[in-house]
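Structure first, commentary second.
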Amino acid sequence: MNNLPAKFKINVREGVLELEGEENFVNKHLEKFEDIFKYAIKEVMKKEFENSFPSNKSSAIVTSSDIEKRFYQKDSPPMVSKSRSNSKQAKTSVTLPPIPVDLKSNVNKIGLREFFATKKPSNHYEKATLFVYYLTKFNKEVEVKFGEILSCYEEVEEKKPSIIDIIKNSIRYKGWLEQGTDKFTTRLTISGENFVKFDLPQIKNMAGHQLTIPSSTTSDTTTSIIGTV
């Protein structure tokens, strides 16, 4: 039997690969020619992409798969994978609304405005801790919601901060507050209680007497006069 002449034809532009010859020859060389063919496609299309895009190579990354897709789908727009090295992830901000809470004075407690004016907190960490103290001691709340703290800011007509950041930093750096069991809640610590009770100015009544504030162990005690300053 005469051996058939071996022939092969490659047309990169049209995507044609033809092999002619004996079966053993075709099987042996088909895979190798396919690799050569794919490489040729990539080289041709790479040049096309380089000519069609700006010279700033850092603005886009063209992959081998993009080149092949572009070759077989000539009418489709070029597929470009943008570099993520300089990309910044967008931060999701959480907006918490104020939660209504009783902050007015009555026969059993001082109003928040008077309490705030007497204690004179100087920054947001002190203010937030004072509000948690007030809601814990006077409103008998075990855990205070962030929205209730915002209502305290409105009651004393103070500018509201990013309350999530203030509470988080107070927990981390001051130790006056601690994380509550529920999300967006906080609790007063012993350190925070001592700060408001002793480091900030003492509360006095109209006659110049110092007033007691209910402690954690005597939460049912109402405000009373304990002596003259």
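Side notes on the structure shown:
- Flag if Gly147 is modelled with pLDDT of 95 or more, more than 20 Å from Ile99 (Cβ to Cβ) and not β-branched (Val, Ile, Thr): no
- Exactly one residue among Val107, Val156 is in the same structural domain as Phe198 (by TED's automatic domain parsing) and more than 17 Å from Leu188 (Cα to Cα), and that residue is Val156.
- When the residues of segment 153-183 are filtered to those that are in a helix (DSSP H, G or I) and under 17 Å from Glu193 (Cβ atoms), the one that is nearest to the chain's Cα centre (by Cα) is Ile167.
- Per the listing Ile149, Ile99, the residue uniquely in a loop (DSSP other than H, G, I, E, B) and over 22 Å from Gln202 (Cβ atoms) is Ile99.
- Given (1) part of a loop (DSSP other than H, G, I, E, B); (2) surrounded by 13 or more Cβ atoms within 10 Å (Cβ to Cβ), index of the condition Lys140 fails: (2)
- One residue from Phe138, Phe116, Phe131 being touching a Pro at 6+ places or on another chain (Cβ under 8 Å), under 23 Å from Phe198 (Cβ atoms) and among the aromatic types (Phe, Trp, Tyr): Phe138
- Odd one out for Asp199 among (1) exposed (fewer than 14 other Cβ atoms within 10 Å of the Cβ); (2) modelled with pLDDT under 95: (2)
- Among the conditions (1) surrounded by 14 or more Cβ atoms within 10 Å (Cβ to Cβ); (2) at pLDDT below 95, the only one that Asn169 does not satisfy is (2).
The values are calculated or read from the model by the stated rules, or taken from the named source; none is laboratory data. The model shown is predicted, which means the values in this text are computed figures rather than measured ones. For neighbour counting, all protein chains shown are included, and Cβ atoms are generated from backbone atoms with ideal geometry for every residue, glycine included.
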